[in-house]
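Here is the structure we will look at, set down as structure tokens.
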Amino acid sequence: MAHSSTRIAAAIAEVVAGGRFDGFSGNCARFAIALNHALGDVGEFHIVDGGHPEYADHVLLKVGDDFFDADGASSAEDVENTWDEAPEYFGEAGEEESVLRLADDSGCMAAPLDMEALEERLREALGPVDAPFGPAA
């Protein structure tokens, strides 16, 4: 049994609202990696590439049919429509190491990000897989 998309999106919203975070300069990749670890490494990393020779524009985590980043859940169509121009590539990115290399991970424009602390906050917000989620009856 896995966490629902609704639960994952709610956990992301809780964590992002509760602390300083931005997705610039590779933090989107770091966020996707921390989220994947918090979920038990069940996702696939995907990138959006607008044709930059040195880095990808964005990294997301695909779980089931949904794509997750610090903004929450999106469909594939939503991701493709987010960009001003159609991305040159939107698809699988490989493993963690590849994702960090593909992202602009210099960190110079990003807020400092402690991936272990982020992973722990996501894990706490997600709760146990079998815990009930949603409004109380």
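The values are calculated or read from the model by the stated rules, or taken from the named source; none is laboratory data. Owing to the predicted nature of the structure, the values given are computational and were not obtained by experimental measurement. Backbone-built Cβ (ideal geometry, glycine too); neighbour counts: all protein chains shown.
Overview of values
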{"quantity": "Failed criterion for residue 58 (all others in (1) touching a helix residue (DSSP H, G or I) at 6+ places or on another chain (Cβ under 6 Å); (2) over 17 Å from residue 102 (Cβ atoms) hold)", "calculated": "(2)"}
{"quantity": "Some residue of segment 5-22 being farther than 16 Å from residue 118 by Cα, at pLDDT 80 or above and not β-branched (Val, Ile, Thr)", "calculated": "yes"}
{"quantity": "Any hit, segment 54-63, residues being touching a residue at least 60 places away in the same chain (Cβ under 8 Å), more than 21 Å from residue 17 (Cβ to Cβ) and surrounded by fewer than 16 Cβ atoms within 10 Å (Cβ to Cβ)", "calculated": "no"}
{"quantity": "Selected residue (criterion: modelled with the highest pLDDT) from residues of segment 102-122 that are of a type outside the set (Gly, Ala, Ser), out of contact with any helix residue (DSSP H, G or I) (no Cβ under 7 Å at 6 or more places or on another chain) and under 20 Å from residue 47 (Cα atoms)", "calculated": "102"}
{"quantity": "Residue 66 within 14 Å of the chain's Cα centre (by Cα), farther than 25 Å from residue 6 by Cα and crowded, with 19+ Cβ neighbours inside 10 Å", "calculated": "no"}
{"quantity": "Lone unmet requirement of (1) surrounded by fewer than 21 Cβ atoms within 10 Å (Cβ to Cβ); (2) farther than 17 Å from residue 8 by Cα for residue 41", "calculated": "(2)"}
{"quantity": "Filter result for the condition that a residue is loosely packed, with under 14 Cβ neighbours inside 10 Å and under 18 Å from residue 123 (Cα atoms), over 11, 17", "calculated": "17"}
{"quantity": "Residues that are part of a loop (DSSP other than H, G, I, E, B), without any contact (Cβ under 8 Å) to a residue 60 or more places away in the chain and not small (Gly, Ala, Ser), drawn from segment 29-52", "calculated": "41, 42, 52"}
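Conditions tested, residue by residue: (1) out of contact with any Leu (no Cβ under 7 Å at 6 or more places or on another chain); (2) at positive phi.
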site	(1), (2)
19	yes, no
37	yes, no
41	yes, yes
58	yes, no
61	no, no
64	yes, yes
78	yes, no
